[in-house]
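Asks: Let me give you the structure first, and then I'll get to my questions.
Derivation of every value follows stated rules applied to the coordinates shown; laboratory data play no part. As the structure is a prediction and not an experimental result, all values here were calculated from the model. Positions of Cβ are generated from backbone atoms using ideal geometry, with glycine treated the same way; all protein chains shown enter the neighbour counts.
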Amino acid sequence: MNATAKYPGYRLKLNLIAAMALFTSLSMAQTPRLHYKGSNSKVKAAVAEANRILSDPEFYRKVEACQTFGNTTYSGTAISGEMQRIGQIEVDDYWNPLSKANAGTVSVISMNTAKLKRSHASIVNTLIHESVHATDWNTNAAWDYTHDGNSPAGQGNTAPWVIGAIGEGFVN
Ligand SMILES: [Zn+2]
């Protein structure tokens, strides 16, 4: 039986369609999707692998198993939830051999192509780490679970470093 037969009236039918669309969008997993338009082959390969990991429910289960991180009150469950609501994240690149940074991220992930003489797994780790930063910023334009500096020294328990390492553990 369709909706109009049981409940006459277009408005009610339209409301039912809208409610069904809302339910569908809320119930669909909307994992982050990294989108890279550049041409660097190492970045391209790492983006493809990071996207596979960022769509794996087991990755989020491991993030959610982290109850606390350094420098934040956010739990793994809270951060996992924000990551699964963020949608597309843009990735671009720059070249700066003088910088210590592998990447820089506010709303967009920027990969330093002068810092790619390392393993595929390590570059994927950087992309997952930067995805945490992009999620953090793009959710509410504030840094809620970040770290200081470009080194994990003394910062290794913060969410970007921990979640980047979790992601690296899923690299094929
Ligand atoms: Zn970072």
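Asks: Using the Cβ atoms and a cut-off under 15 Å, what net charge is assigned to the surroundings of residue 166, where Lys and Arg are +1 and Asp and Glu are -1?
Replies: Around residue 166, the surrounding residues sum to -3.
Asks: On to the next question. Can you list the aspartates and glutamates whose alpha carbon is less than 19 Å from that of residue 117, not counting same-chain residues fewer than 8 positions off?
Replies: Candidates past the 8-residue exclusion: 49, 92, 93, 130, 168.
Asks: Using the C-alpha atoms of the chain, what convex hull volume per residue, in cubic angstrom, is computed?
Replies: Details: hull volume 26.6 nm³, N = 172.
Expressed per residue, the convex hull around the Cα atoms of the chain is 155 Å³.
Asks: Let me ask you something else. What lysines does residue 115 reach when the alpha-carbon gap must be under 22 Å and sequence neighbours fewer than 8 apart in one chain are set aside?
Replies: The qualifying lysines are 37, 42, 44, 100.
Asks: Follow-up question, since we're still on this one. Quick check: the angle from helix 159-168's long axis to the longest principal axis of the chain, C-alpha only, nearest 10 degrees?
Replies: 90 degrees
Asks: Quick one: compute the contact order of the chain, relative version, from alpha carbon pairs under 8 angstrom and 6+ residues apart, as a percent. Each step should come with its number before you reach the end.
Replies: Values: 252 pairs, mean separation 37.9, N = 172.
Relative contact order for the chain comes out at 22 percent.
Asks: Once the other residues with Cβ under 11 Å from the Cβ of residue 91 are scored (Lys, Arg +1; Asp, Glu -1), what is the net sum? It would help to have the intermediate numbers written out before the result.
Replies: On the way: positive: 33, 37, 44; negative: 90, 92, 93, 130.
Charge balance in the 11 Å sphere: -1.
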